[in-house]
Amino acid sequence: MDPIRTLEKVNKEVTLCTACPRLVDWREKVSTEKRAAFIEEEYWGKGVPGFGDPKARILIVGLAPAAHGANRTGRVFTGDRSGDFLFAALHRMGLANQPESKNREDGLKLKDVYVTAPVKCAPPANKPTSEEKATCRPFFQRELRTLAHVKVVLVLGQIGYQSAAVELGLNPKPKFGHGVEASLPNGQTILCSYHVSQQNTFTGRLTEPMFDSVLERAKDLVKDQ
């Protein structure tokens with residue numbers, strides 16, 4: 001199985017998916033009405049695929065695209081404060097070639113990291129329904145199967161944790177918390193972090209040193225395997 005071709009196929013299907021009427025209506029409504037700061041830009045307004053190194057040993061799992069971030073730019077964690085925080089940290093750790101992520105054509109490349117989300121369309125109030133999560137689940141499952149080199153699954157927030165834990169068979173499942181980690185029988189490790197949301201980073205619930213320490217742990221884990 002060629003991971004590059006398989007991921008390209010999955011990603012194309014993600015961009016064409018219209019399975020969830022509520023999400024389709026919302027992503028297109030946002031793309032038409034726009035935010036004043038981006039009024040001159042053409043919004044992506046489709047499902048947002050994963051992004052990164054097909055041979056990554058570190059998989060980062062978020063929640064869903066942001067309405068005026070990835071739903072605008074078409075690349076996960078790109079064009080908003082969450083992405084600013086995430087990619088700056090990856091750059092500090094030597095896992096990204098640049099600290100900023102503004103759009104799909106900005107030259108950003110990730111090293112040994114792939115970033116995705118279990119829900120591929122921006123949900124109203126950042127809250128996908130159980131049915132919407134279930135509908136998107138096959139995309140996430142295929143990503144996990146294709147990314148055969150992954151050793152560490154770094155989950156951002158509880159929904160990412162729950163989604164990854166189910167797919168990877170983590171049972172019993174430790175209570176979510178920043179820095180919590182759990183080993184899987186297949187040799188992979190789930191590693192938890194608070195989400196890199198603006199709410200968390202602006203309030204100090206998640207600081208740069210806190211997130212850097214989790215990334216350092218992820219690097220140590222893959223270095224030892």
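Note on the chain: the alpha carbon radius of gyration divided by the globular reference 2.2 N^0.38 Å gives 0.95. Annotation: extensible slack from residue 29 through residue 137 equals 36.5 nm (criterion: 0.36 nm per residue apart, minus Cα-Cα distance). For the stretch 3-223, the relative contact order is 21 percent, taking Cα pairs closer than 8 Å that sit 6 or more residues apart in sequence and dividing their mean separation by the residue count. Against the empirical 2.2 N^0.38 Å scaling, what ratio does the C-alpha Rg of the stretch 96-198 come to? For the stretch 96-198, the normalised Cα radius of gyration is 1.13. Counting Lys and Arg as +1 and Asp and Glu as -1, what is the net charge of the other residues whose Cβ lies under 15 Å from the Cβ of residue 73? With Lys, Arg at +1 and Asp, Glu at -1, the net is +2.
Helix 208-223 against the longest principal axis of the chain: what's the angle in degrees, Cα atoms only, rounded to the nearest 10? Tilt relative to the chain: about 60 degrees. Using the average count of surrounding beta-carbon atoms within 10 Å as a protection proxy, the listed peptides 212-220, 64-72 rank, highest first, as 64-72, 212-220. The calculated FRET efficiency for the pair residue 205 and residue 19, based on their C-beta separation and a Förster distance of 30 Å, comes to about 0.35. Using only the alpha-carbon atoms, how far is helix 21-33 inclined from the longest principal axis of the chain? Give it as 0 to 90 degrees, nearest 10. Around 60 degrees separate the two axes. For residue 186 and residue 81, a Förster radius of 45 Å and the Cβ-Cβ distance give a FRET efficiency of 0.85, rounded to the nearest 0.05. The spacing between the stretch 42-65 and the stretch 158-199, judged by their C-alpha centroids, is 18 Å.
Each value in this text was obtained by applying a stated rule to the coordinates, not by laboratory testing. From a predicted model like this one, the values you see are computed outputs, not experimental measurements. Don't worry about glycine lacking a Cβ; one is built from the backbone with ideal geometry, like all the others, and counts go over all protein chains shown.
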